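Q: Can you keep this structure in mind? I'll have questions shortly.
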């Protein structure tokens, strides 16, 4: 190398310097990389400096630095009305069913029954979500329902979240009935609980609300949801694994659908309408089931 040398590029990023050295090598410009342990510099003979600078400029124009993707801002909503409504509805129906209100057997009228659902009694896919076999059963579903329902409500608003949960859980019950033998019977809000879990996972994943530069963050909600599904939804001889899995899947698809349809309305009126509609589906299903 000649004594009269010029620095044409300098950076603390040694890889950037190495990349530009390849550019100069490709056009046969003599060069040398100097690394002092803190930064690296690319030097060339003075007579090649103008050409080297131009070649590096063209390289930079064709390879602009990647800009990190900005995180999407999450506007959290009021989730309290939804979880309060969930607790009140499930508790009220447990009390009414326990006392055979209106002289009817609520379990007989509202449980999932494969034969009857296939025969057209669609309301059972909803009424069964509010029935429980005992204190342990109802307490477990209340705790997990409040937990996952709270997160769904924070993301989508109480009304939209619980309308989506009811619809996804009912769809999960229907799909489970069609896939199993016709004599299948079940009760419990666990399908709705896993629909809420799937709803959050699908909404977060499809909306790319997590960091977008690492695969572990992009797929974390899905992996986490499936792990929790396996941990809490497959134990016990009376556990309806199919309902749990299909509740999660339908909830996941519902979360993705909400993102695809556009921004979820966050105004109070829209949330109230969605919440009233969710309650209307439950109440109407029970009125039809009890023939009131």
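The values are calculated or read from the model by the stated rules, or taken from the named source; none is laboratory data. Note that the coordinates shown come from a computational prediction; the quantities given were computed from them, not determined experimentally. Cβ atoms come from the backbone with ideal geometry, glycine included; neighbour counts cover every protein chain shown.
Q: Select the helices (runs of 4 or more DSSP H) contained entirely in the stretch 208-292, then report the ones holding at least 3 residues which are at pLDDT 90 or above and out of contact with any strand residue (DSSP E or B) (no Cβ under 9 Å at 6 or more places or on another chain).
A: Answer list for the stretch 208-292: 241-260, 268-290.
Q: Restricting to the stretch 105-137, name every residue that is over 21 Å from residue 280 (Cβ atoms), assigned to a helix (DSSP H, G or I) and more than 27 Å from the chain's Cα centre (by Cα).
A: 107, 108, 114, 115, 116, 118, 135, 136
Q: State which residue pairs qualify: first residue free of Cβ contacts under 8 Å to residues at least 60 places away in the same chain and inside the stretch 25-42, second residue part of a loop (DSSP other than H, G, I, E, B) in any location, beta carbons under 8 Å apart, and separation of 6 or more residues or different chains.
A: As it stands, the answer is 25/31; 30/1; 32/1; 38/12; 39/12; 40/12; 40/13; 42/31, since those pairs meet every condition given.
Q: Can you confirm whether the stretch 59-79 contains a residue that is under 30 Å from the mean Cα position of the chain (by Cα), modelled with pLDDT of 90 or more, surrounded by fewer than 18 Cβ atoms within 10 Å (Cβ to Cβ) and outside any helix (DSSP H, G or I)?
A: Yes, the stretch 59-79 has at least one match.
Q: Would you say residue 148 is more than 12 Å from residue 286 (Cβ to Cβ), in contact (Cβ under 8 Å) with a residue 60 or more places away in the chain, assigned by TED's automatic domain parsing to the domain that holds residue 254 and touching a helix residue (DSSP H, G or I) at 6+ places or on another chain (Cβ under 7 Å)?
A: When the stated conditions are applied, residue 148 does not pass them.
Q: So, one more: Between 96, 88, which is farther than 30 Å from residue 205 by Cβ, in a helix (DSSP H, G or I), without any contact (Cβ under 8 Å) to a residue 60 or more places away in the chain and touching a helix residue (DSSP H, G or I) at 6+ places or on another chain (Cβ under 9 Å)?
A: 96
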